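Everything below concerns the one structure shown next.
All of the numbers you see were taken from the coordinates with simple rules; none came from a lab. Quantities reported herein were computed from a predicted structural model and do not represent experimental measurements. All Cβ positions, glycine included, derive from the backbone under ideal geometry; neighbour counts span all protein chains shown.
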Amino acid sequence: MKHYLLITAVLLSAFLNSSAQQVYLLYTKVPNAVKTNTIAERRDTTATGRILVRAVTTPTITAYLPAKEKASGAAVVICPGGGYSYLVINQEGSDVAEAFAKNGVAAFVLKYRLPDDRVMINKTIGPLQDAQQAIKTVRERAAEWNIDPARIGIIGFSAGGHLAATASTHFNDKIIDNPGSTRLRPDFSILVYPVISFTDPLAHKGSRRALLGKDTAVVAKADQYSNEKQVTTETPPAFLLHSSDDKVVPVANSIAYYQALLAAGVNAEMHIYAAGGHGYGLNNKTNNDQWFERCLNWMRANGWLGQGF
């Protein structure tokens, strides 16, 4: 009996100290949606274990909340990558959320709509609408989730990095309902091998084509969504990570954003690995360095983690 009670106590303790995971709808009524569509969301698992989500029509956030006594008060909205064609929901989503929650940071994996004329009226603004709504939701429910509304950041990988950078430079774009004028600006951004520019030669053409379309439409909007050209003194501080040998998204994307931040007098830190390629999530297998620890140190240095974290 005592053995049973001990096991029960250990399991209960593990449960109470693990991050809570609950899925929340971003909207009661999804904006910018076509009246009817027959698109069905689907998930695929690749041979390397990546879980890919496609054809998102109902955007959500999944909350990973640290135990109350372990909460630092900081929070991040996580934007997985996938070229605006799918979402790598585990390696660039849930895995990252669990790492943050273990370190006292509330994390919210954003399952955002992917640009698709069959799903939304204006596909160009769909992902940004969802990113803004996620920040708005977290900020408005900050007290409920033990979060400091002044310490809410955004992190994105690859095309998700483009979305995070867009949310960091287009927060004044009025594309969602915001009757309470909730602040939509992230307090900081973390950009991991991000797509930044839609202008050649830096552009990741697949992401640009997916979001903006082809031909004339691309030319007209490329500058608007080239985020190195949209940086101002109000752009939030950024932590950037990239690899020199990235053949998918050139490292010059991060460098261009970093230089733009410096020119605007915005706090920025950048780490460039010699190797690693693209899409490695938390684990760059070419070295023993843990970039996530560097990121946490940057957050500590800037006061987003608070004392003791």
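Observations on the model:
- Positive contributions from Lys and Arg (+1) and negative ones from Asp and Glu (-1), summed over other residues with Cβ under 13 Å from the Cβ of PHE198, come out at +3.
- Only beta bridges with both residues in the range 20-301 are counted; by DSSP, about 45 percent of them are antiparallel.
- Peptide packing: for 233-240, 69-76, 80-87, 187-194, the average count of neighbouring Cβ atoms within 10 Å per residue gives the ranking 187-194, 80-87, 69-76, 233-240, highest mean first.
- Other-chain or far-sequence residues with amide H under 5 Å of TYR273's (modelled H): HIS242, SER243, SER244
- Taking a straight Cα-Cα cut-off under 21 Å and skipping sequence neighbours fewer than 8 places away in the same chain, the lysines within cross-link reach of LYS68 are LYS102.
- Once the Cβ-Cβ distance of ALA263 and THR286 is raised to the sixth power relative to R0 = 41 Å, the FRET efficiency obtained is 0.85.
- For the range 244-272 versus the range 121-143, the spacing of their alpha-carbon centroids is 25 Å.
- Over the chain, the Kirkwood radius and the radius of gyration, each from Cα atoms, give a ratio Rg/Rh of 0.97.
- For the range 20-301, the relative contact order is 15 percent, taking Cα pairs closer than 8 Å that sit 6 or more residues apart in sequence and dividing their mean separation by the residue count.
- Only DSSP H runs of four or more residues enter the estimate; each adds -39500 (n - 2.57), and after division by the residues of the chain the mean residue ellipticity at 222 nm equals -8500 deg cm²/dmol.
- Evaluating 6.51 cos²θ - 1.76 cosθ + 1.60 at θ = phi - 60° for every residue in the range 58-65, the Karplus couplings come out as 10, x, 9, 10, 10, 8, 10, 9 Hz, glycine and proline recorded as x.
- With a simple spin-label model that places each label point 7 Å from the Cα along the Cα-to-Cβ direction, the separation between ASN297 and LYS174 comes to 4.5 nm.
- Take each peptide in 117-130, 248-261, 160-173, 24-37, count the other Cβ atoms within 10 Å of every residue, and average; sorted highest first, the result is 160-173, 248-261, 117-130, 24-37.
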